[in-house]
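The values are calculated or read from the model by the stated rules, or taken from the named source; none is laboratory data. What you see is a predicted model, and the numbers here were worked out from it, not measured in a lab. Cβ coordinates were reconstructed from backbone atoms using ideal geometry, including for glycine residues, and neighbour counts include every protein chain displayed. Protein only, heavy atoms only, side chains kept; ligands, DNA and RNA dropped before computing areas. Shrake-Rupley method; radii C 1.70, N 1.55, O 1.52, S 1.80 Å.
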Amino acid sequence: MLTTSLAAPPARLSARRRWTVLAVCALSMFLVGVDTTIVNVGLPEIGRGLDVGTRGLAWVVDAYTVVMAGLLIVSGALADRFGRRRVFRCGLLVFGLASLACAAAPCLGVLVAARAVQGVGASMLSPVALAIVVNAMPDPRERARAIGVWASVFGLSMAAGPVAGGALIASFGWRSVFWINAPVVVAALVLVAVFVPESRGERARRLDLPGQVLLTALLCLTVGLLIEGPRIGWTSPVALGGYVLTAAAAAGFVQAELRHGEPLMDLGLFRRPSFAAAVLGAAAVFVALNATLLLDTLYLQHARGWTPLATGAATLPMALGATVCAPWAGSLVGRLGPRRPLVLAGAFVTAVGLCLVGLDGDTAVPLLLCALLLIGIGFGFANAPLTHTAVSGLPSSRAGVAGAITSTARQVGAAVGIAVAGGLVAGSGPAGLAAASRPGWLLVSACGLFLLVVARAAGPRAAAKPRPSRSRRRVEAGAT
């Protein structure tokens with residue numbers, strides 16, 4: 001479990017230093033978020049450059065997200081043991097070196113392997129950044145605002161990725177989307193060394209190796225089946241064997257976690273309806289976003305013949321929607337709680353799928369742009385309330401693991417969205433791609449409807465301004 005105490009009490013940090021720490025962590029998270037989506041707009045160019053099809057391209061994206069999802073929680077535990085700043089810097093270094101390997105990759109196998117290593121580095125950034133931010137903000141209201149900013153920056157980075165990718169590919173080719181990471185990593189390393197204080201958990205935890213192995217196996221099997229299922233056949237002996245192994249990995253993981261004294265994933269958190277709903281909601285949002293990005297990118301470039309630059313420019317409405325609504329959502333959470341922004345998020349995401357479920361080769365461009373604007377608005381409204389719902393009401397010692405589980409759910413959702421969308425259109429020619437993508441748009445709408453269910457579970461205020469008991473307040477006052 002990720003604990004959240006600093007080696008020096010958070011109250012000793014000045015207000016300026018606390019918000020500087022947030023800014024540095026947000027910069028690093030911006031890098032991780034951008035790299036989750038920046039590759040999407042370049043997939044057709046990567047396919048042409050390396051002579052691979054849609055199914056192989058799905059692995060370029062999912063090798064990164066699956067590895068990151070599988071290692072997020074254990075990376076947080078390692079940060080507790082060896083120091084959060086130390087692990088954070090290590091993650092930046094691994095991420096930067098892997099980015100250089102991606103840029104120089106001569107073939108698909110090397111690129112996928114380098115993307116997996118990139119995911120290892122990214123896993124050391126997300127939960128550790130959130131734990132650092134939570135610890136740097138001892139005041140509950142200030143912490144709520146900081147979490148809102150953190151979630152908003154990550155959301156904005158996801159939306160900005162395709163725009164940046166299209167511009168880079170048009171100017172310098174697809175390899176530039178990886179080269180660009182190097183100067184950002186160098187700047188982040190310097191800022192972390194100067195401004196971010198070292199912190200550790202109150203005590204070192206034993207690593208849950210069985211849980212880690214089973215979780216990684218479960219994620220790889222699930223995503224692998226979704227990607228390769230259309231090729232091998234859903235009822236083939238290989239697929240049936242995969243289903244058995246997936247079920248065995250899931251059952252083994254739950255059993256291992258319930259028996260372990262210090263489990264990788266605290267399954268007891270899922271007894272809280274609001275937490276379970278927030279985790280599933282985070283996964284649903286990222287399924288919708290990544291399915292939309294992949295289907296839109298392939299449709300525009302393959303079926304409509306658009307360039308990567310034009311495709312990236314088409315996502316500007318999405319980036320605009322996220323840019324405006326992500327900070328707004330954080331403000332709404334602080335004043336009104338998470339329910340209203342989640343209702344808005346669900347309504348807008350549902351509308352995206354309904355707009356494009358009839359997609360064909362002659363669909364009007366304004367409708368496509370409107371759908372991208374809607375997904376940006378829905379995504380912008382979703383992240384801050386989901387993060388807040390996941391960690392609100394928990395003691396600080398459990399906030400880190402709650403954030404790590406939510407981050408894992410996001411990456412699992414991203415991987416599933418890419419795998420499902422890629423599987424739907426794999427093997428489709430330009431003429432049939434629009435029709436093949438229609439079930440994907442129904443999936444996007446289903447994710448939006450599910451967010452409406454999450455909004456109900458989150459409650460109208462959900463501890464936007466927590467009021468602990470009088471004895472609890474005296475304890476917390478003494479602790480700070």
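A few points about this structure:
- Identified option (computed Rg/Rh (Cα atoms, Kirkwood Rh); candidates (i) 0.98; (ii) 1.07; (iii) 0.95): (iii)
- Relative contact order for region 184-333, counting Cα pairs under 8 Å that sit 6 or more residues apart, in percent: 18 percent
- Leading residue at positive end of dipole, region 269-403 (Cβ point charges), from Trp306, Gly346, Pro273: Pro273
- Whole-percent carbon and sulfur share, accessible surface of the chain, 1.4 Å: 68 percent
- Inter-label distance, Asp51 to Trp179: 2.4 nm, where each label sits 7 Å from its Cα along the C-beta direction.
- Residues of region 181-324: accessible area per residue with a 1.4 Å probe, Å²: 43 Å²
- Positive-end residue, the chain charge dipole about Cα centroid, Cβ charges, pick of Ala319, His260, Ser14: Ser14
- Charge tally in the Cβ shell below 13 Å around Tyr299, where Lys, Arg are +1 and Asp, Glu are -1, Tyr299 excluded: -1
- Ordering of 56-63, 35-42, 440-447 by burial proxy (mean other Cβ atoms within 10 Å per residue, highest first): 35-42, 56-63, 440-447
- Hull shadow area, averaged, region 252-297 [alpha-carbon convex hull, nm²]: 4.3 nm²
- Helix 126-136 and the long axis of the chain differ in direction by around 30°, with both axes built from C-alpha atoms.
- With the simple spin-label model, which puts each label point 7 Å out from Cα in the Cβ direction, the Ala276 to Val244 separation comes to 3.0 nm.
- Each Lys and Arg adds +1 at its Cβ and each Asp and Glu adds -1 at its Cβ; summed about the Cα centre, the chain shows a dipole of about 2100 debye.
- Net +/- balance of residues flanking Ala188 in space, Cβ distance below 15 Å, scoring K and R +1, D and E -1: +3
- Note: relative contact order over region 279-431, using C-alpha pairs below 8 Å and six or more positions apart, is 44 percent.
- Taking every C-alpha pair closer than 8 Å and separated by at least 6 residues, the mean separation divided by the residue count of the chain gives a relative contact order of 26 percent.
- Projected label points at Leu336 and Leu100, each 7 Å from Cα along the beta carbon direction, are separated by 4.9 nanometres.
- Measuring r between the beta carbons of Ser236 and Leu207 and using R0 = 35 Å, the FRET efficiency lands at 0.45.
- Longest stretch of the chain clear of exposed loop sites (trypsin sites (Lys or Arg not before Pro), DSSP loop, at most 14 other Cβ atoms within 10 Å, sites excluded): 207-480.
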